[in-house]
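S.K.: Shown below is the structure under consideration.
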Amino acid sequence: MVTTAAVLLAGGTGTRLYPASRSHRPKQFLALGDDDRSLLRRTADRAGFADELFVVTRESYADRVRDIVPEASVLVEPAGRDTGPALAYAASDIRERYPDAVLLCLPSDHVVGDGFRATAETAADVAARTDALVTLGVEPDRPATGYGYIQPGDDRGDHYEVAQFREKPDEETAAELLDAGCFWNAGMFAWAPDAFLAAARDGPLEPLVDALETGGDVDGAFEETEPVSVDYAVLERAADVRVVPADFEWDDVGAWDALLRLADGENATLGDSLAVDASGNVLASDDKHVSVVGADDLVVAAFDDRVLVVPTDEAQRVREVVAELREDELF
């Protein structure tokens, strides 16, 4: 009997949603859109069909994670090193508890529509049957440049072999990938721990995997590992990767302009706001009122003692602000 273990990744900060997202209040703890549950709570509810639930996070967020998802086992990674090391740590820990497990690995800060369970169960089944690494691929509805893409290979019925992963493209290449039938890489995966750790040895995670499997200095290995995504560290190097097409709506809400895609009206609002003769704006605040008059296509976000104003089509550049603030320890 296979144990399905949902692993929620909750250690990041979501820098492009500054100033709502800050070092003390990362994106996964925010409630966005018309649902008053945090993104983390929504993800846990969505994964409630799994036999076991785990959340991987950093020490400074652990108590809050326990408050929001009290039913989950919380795995505190020794250091924040992106998704590659975090998932290796989770695979090693969960394998000790449930040797027969298949891990269903999910970001905790995405917005996902109906139909998730059926796709996720198919992915877990493919991982158990094939011993391959499995990713969920979302069918694109636009030539987005902010996502990585998956080029499908041979059709295996309920899934495809992965021919190639494609990095975040320019606009022209994104349109070509859309026409070619490629999927967005949504960062959701399924695999058996043994299969994942074996694949992780062939790359930058090798010293960390060695420490995890031999009982070595895991904390030291974490400190010495450079931050690296699981895509680059493992999936793009692995010999056998499959993709299950996702039959649900999805958005990673990576930047402020994403709220426009989730909005019903001319403007996207979060908190108390007023738009007069204005459209295409994102108006967001905590306990402040935000008004925009006679202006279009702007993000105006006011949280704590911070205000951000940026054109919606340049929302990705918020990371540049965060980079400077981090240098001065102001993020």
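The values are calculated or read from the model by the stated rules, or taken from the named source; none is laboratory data. Owing to the predicted nature of the structure, the values given are computational and were not obtained by experimental measurement. In this analysis, Cβ positions are derived from the backbone assuming ideal geometry, glycine residues included, and neighbour counts consider all displayed protein chains.
S.K.: From the list Glu327, Glu314, which one is more than 17 Å from Ser21 (Cβ to Cβ) and surrounded by fewer than 12 Cβ atoms within 10 Å (Cβ to Cβ)?
M.R.: On inspection, the qualifying residue turns out to be Glu327.
S.K.: What number goes with the only condition from (1) part of a helix (DSSP H, G or I); (2) without any contact (Cβ under 8 Å) to a residue 24 or more places away in the chain that Asp34 does not pass?
M.R.: (1)
S.K.: Does Gly137 satisfy the criteria of being part of a strand (DSSP E or B), crowded, with 23+ Cβ neighbours inside 10 Å and out of contact with any helix residue (DSSP H, G or I) (no Cβ under 9 Å at 6 or more places or on another chain)?
M.R.: Answer is yes for this residue.
S.K.: For the condition over 30 Å from Ile94 (Cα atoms) and either surrounded by fewer than 20 Cβ atoms within 10 Å (Cβ to Cβ) or at pLDDT 95 or above (or both), what is the one hit in Asp202, Asp286?
M.R.: Asp286
S.K.: Being under 24 Å from Arg317 (Cα atoms), in a strand (DSSP E or B) and not assigned by TED's automatic domain parsing to the domain that holds Ala211 is true for just one of Ala278, Ala295, Ala284. Which residue is that?
M.R.: Ala284
S.K.: Something else now. Kindly provide the set of residues from the range 62-102 that are buried (at least 18 other Cβ atoms within 10 Å of the Cβ) and among the basic types (Lys, Arg), ordered by number.
M.R.: Within the range 62-102, Arg64, Arg81, Arg95 qualify.
S.K.: Continuing with this model, one more query. Just the residues that are assigned to a strand (DSSP E or B) and within 25 Å of Thr312 (Cα to Cα), please, taken from the range 1-29.
M.R.: The answer is Arg22, Arg25.
Every residue, every condition in (1) more than 15 Å from Asn185 (Cα to Cα); (2) touching a residue at least 60 places away in the same chain (Cβ under 8 Å); (3) not β-branched (Val, Ile, Thr), yes or no:
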residue: Asp217; (1), (2), (3): yes, no, yes
residue: Val234; (1), (2), (3): no, yes, no
residue: Asp240; (1), (2), (3): yes, yes, yes
residue: Ala246; (1), (2), (3): no, yes, yes
residue: Asp252; (1), (2), (3): no, yes, yes
residue: Ala268; (1), (2), (3): yes, no, yes
residue: Gly271; (1), (2), (3): yes, no, yes
residue: Ser279; (1), (2), (3): yes, no, yes
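S.K.: Related question: Given the conditions (1) under 25 Å from the mean Cα position of the chain (by Cα); (2) surrounded by fewer than 20 Cβ atoms within 10 Å (Cβ to Cβ); (3) not assigned by TED's automatic domain parsing to the domain that holds Gly181, which single one is not true for Ala239?
M.R.: (3)
S.K.: Please state which of the following conditions Ser23 fails to meet, knowing it meets all the rest: (1) of a type in the set (Gly, Ala, Ser); (2) crowded, with 19+ Cβ neighbours inside 10 Å; (3) in contact (Cβ under 8 Å) with a residue 24 or more places away in the chain; (4) on the phi < 0 side of the Ramachandran plot.
M.R.: (2)
S.K.: Just need a number here: residues in the range 177-197 that are surrounded by 14 or more Cβ atoms within 10 Å (Cβ to Cβ) and part of a helix (DSSP H, G or I).
M.R.: 6
S.K.: Related question: When the range 49-83 is examined, which residues are found to be touching a Gly at 6+ places or on another chain (Cβ under 8 Å), closer than 25 Å to Asp202 by Cβ and not in a loop (DSSP other than H, G, I, E, B)?
M.R.: Passing the criteria: Val56, Thr83.
S.K.: With respect to the numbered conditions (1) in contact with a helix residue (DSSP H, G or I) (Cβ under 8 Å, 6 or more places away or on another chain); (2) over 19 Å from Thr83 (Cβ atoms), which one is the sole condition not fulfilled by Leu197?
M.R.: (2)
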